[in-house]
Amino acid sequence: MKKIYLILVLAILAVIPLSAQERGKITPEQRKEFREYKMKFIAQEMNLQDENRKQFFEIYNQLSDERLEIREKLHDLNAKVKKGVATDADYAQINRLKEQEAEIDRRYDSKFAAFLSNKEIFKMKEAEKLFHQKLHEMHQKKGKKR
């Protein structure tokens, strides 16, 4: 069942970029759809029980929103670094944002600990890594086809 679900998620994620109107631009609908698949994948990998799913999804959405805000700022600053136009203040801002991201993770770990076991929290983090690894692999395969 897990393999079928994983194949379904990966197939859908492969189609999402094809429907984008502008290259590299993600619509709000695509972002929402992507988030839903990610949460379902993580819940599946965690073997999350039904009684905890609703609370998990609610808190995980909040976590994702906060992470997204910081990661968008980091993305912009890292683009400056790649171009070689980053200032010392930009590097300081990158460090502050990474610290904020770590603080957000710590804060949400305690929120999850209210209804998840340490093992489930660990599985959540491992599932996030696995999800991103699968996305990276798909991205690499897509790049080789060009």
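In units of the compact-protein estimate 2.2 N^0.38 Å, the stretch 30-106 shows a Cα radius of gyration of 1.40.
Our coupling estimate for the stretch 106-120, obtained by passing each phi through the Karplus curve with A = 6.51, B = -1.76, C = 1.60 and θ = phi - 60°, is 5, 4, 6, 4, 5, 5, 5, 5, 5, 9, 10, 7, 4, 4, 5 Hz, Gly and Pro reported as x. An ellipsoid equivalent to the stretch 90-136, defined through the eigenvalues of its Cα gyration tensor, has semi-axes of 24, 18, 5 Å when rounded to whole angstrom and sorted largest first. Excluding residues on the same chain fewer than 8 positions from LYS125, give the aspartates and glutamates whose Cα lies under 16 Å from its Cα. The qualifying aspartates and glutamates are GLU45, GLU101, GLU103, ASP105, ASP109. Of all aspartates and glutamates in the structure, not one lies under 16 Å Cα to Cα from LYS142 without also being fewer than 8 positions from it along the same chain.
Straight-line cross-link reach from LYS25 at under 15 Å between alpha-carbon atoms covers these aspartates and glutamates, not counting any fewer than eight positions away in the same chain: GLU33, GLU72, ASP76.
Counting only the heavy atoms of the protein chains, how much of LEU135 is accessible to a 1.4 Å probe, in Å² to the nearest 10? Probe radius 1.4 Å; accessible area of LEU135 about 40 Å². Measuring r between the beta carbons of LYS125 and LYS145 and using R0 = 30 Å, the FRET efficiency lands at 0.45. The simple spin-label model puts a point 7 Å past each Cα toward its Cβ; for ILE104 and ASN52 those points are separated by 2.3 nm.
Approximating the spin labels as points 7 Å out from Cα along Cα→Cβ, the LYS111-to-MET138 distance works out to 2.6 nm.
The values are calculated or read from the model by the stated rules, or taken from the named source; none is laboratory data. Everything numeric here is computed off the predicted structure, so don't read it as measured data. With ideal geometry, Cβ positions are generated from the backbone for all residues, glycine too; neighbour counts draw on all protein chains shown. Side chains included, ligands, DNA and RNA excluded: accessible areas come from the protein's heavy atoms. Shrake-Rupley method; radii C 1.70, N 1.55, O 1.52, S 1.80 Å.
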